[in-house]
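Colleague: Right, I'll just put the structure down here and ask away after.
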């Protein structure tokens, strides 16, 4: 079984209340290979492999989505804002151009 | 501990990636055909030929000089009430000289509360980064900024 791709969801600030607008950062280890670079040893073009689609959901309901191309940096970083409606679970689902699908979740725990 | 190791692995991996030159991304080297669009074609594909207004409401932050063309931070903040009646529907990040002019599109909703998006992109050489913004009323705004990119270790 393949190891799950490493990724992280971060809330900024870490402590927040219902109604606060926080930053939601998502960072993932991914080569974002453009398909235009040559392998120096073999001389062959490295095939394109890049994240092409991302969806942020709260308790299963999407609230932000992205289309991404190979021109985004390796190990990409994405940052958006969100107004905290209450307790819940944030899920980031992402796919790449080869069809690889991944998902990362983090509990949203507002204080007070 | 796990978080610290994760951040360490990102720094190491990104440092390795940073050495690789993104110059192969220049328009002349781009793979032909398929979904790859140059800047003007990408704007038409997004706007359908609609008018685009340069606007101060779109605050685009990029470095004046990119130390590393493989990792250029881009931050966009659009002044908007982000209500159901008036919000930023999408932000399209484009570049003027990369073979593929498109970098990322973000589709926002009022729950985002702010017309904000940040990411890091590759620049094949000195060029403009453009934020093309679609509002909920169907209108388009734009902001563009030049970024100087020095490529290659030998200068």
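Colleague: Would you mind stating whether residue A:76 is at pLDDT 95 or above, surrounded by 15 or more Cβ atoms within 10 Å (Cβ to Cβ) and at the interface with another protein chain (Cβ under 10 Å from one of its Cβ atoms)?
Modeller: It is true that residue A:76 is at pLDDT 95 or above, surrounded by 15 or more Cβ atoms within 10 Å (Cβ to Cβ) and at the interface with another protein chain (Cβ under 10 Å from one of its Cβ atoms).
Here's the yes/no breakdown for (1) under 24 Å from residue A:57 (Cα atoms); (2) not in a strand (DSSP E or B):
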position	(1), (2)
B:116	yes, no
B:120	yes, no
B:128	no, no
B:138	no, yes
B:142	no, no
B:145	no, no
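Colleague: With the structure loaded, tell me whether residue A:85 is within 12 Å of chain B (Cβ to nearest Cβ) and either surrounded by 16 or more Cβ atoms within 10 Å (Cβ to Cβ) or farther than 30 Å from residue B:81 by Cα (or both) or whether it fails that test.
Modeller: Considered against the rule, which asks whether it is within 12 Å of chain B (Cβ to nearest Cβ) and either surrounded by 16 or more Cβ atoms within 10 Å (Cβ to Cβ) or farther than 30 Å from residue B:81 by Cα (or both), residue A:85 comes out as no.
Colleague: Okay, moving on. Examine the stretch A:53-67 for a residue that is facing chain B (nearest Cβ under 10 Å), touching a strand residue (DSSP E or B) at 6+ places or on another chain (Cβ under 8 Å) and not in a strand (DSSP E or B), and state whether such a residue exists.
Modeller: There is no residue in the stretch A:53-67 that is facing chain B (nearest Cβ under 10 Å), touching a strand residue (DSSP E or B) at 6+ places or on another chain (Cβ under 8 Å) and not in a strand (DSSP E or B).
Colleague: Suppose the filter is in contact (Cβ under 8 Å) with a residue 60 or more places away in the chain and touching a strand residue (DSSP E or B) at 6+ places or on another chain (Cβ under 8 Å); does residue B:88 pass it?
Modeller: When the stated conditions are applied, residue B:88 does not pass them.
Colleague: Under 11 Å from the mean Cα position of the chain (by Cα) and in contact (Cβ under 8 Å) with a residue 40 or more places away in the chain: is that true of residue A:94 in this structure?
Modeller: yes
Colleague: Could you check the stretch B:96-112 and list, in sequence order, the residues that are more than 7 Å from chain A (Cβ to nearest Cβ) and under 10 Å from the mean Cα position of the chain (by Cα)?
Modeller: Correct list: B:101 only.
Colleague: Residues in the stretch B:45-56: is at least one over 25 Å from residue A:81 (Cα atoms) and at the interface with chain A (Cβ under 8 Å from one of its Cβ atoms)?
Modeller: No: zero hits.
Colleague: Going by the conditions given, is residue B:24 farther than 25 Å from residue B:141 by Cα, outside any loop (DSSP other than H, G, I, E, B), modelled with pLDDT of 55 or more and within 11 Å of chain A (Cβ to nearest Cβ)?
Modeller: Yes; evaluated as a whole, the condition is true for this residue.
Conditions (1) in a strand (DSSP E or B); (2) more than 9 Å from chain B (Cβ to nearest Cβ); (3) surrounded by fewer than 18 Cβ atoms within 10 Å (Cβ to Cβ), marked per residue:
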| position | (1), (2), (3) |
| --- | --- |
| A:9 | yes, yes, no |
| A:15 | no, yes, yes |
| A:36 | no, no, no |
| A:42 | no, yes, yes |
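The values are calculated or read from the model by the stated rules, or taken from the named source; none is laboratory data. This one's a predicted model, so the numbers in the text were calculated from it and none came from an experiment. Cβ coordinates were reconstructed from backbone atoms using ideal geometry, including for glycine residues, and neighbour counts include every protein chain displayed.
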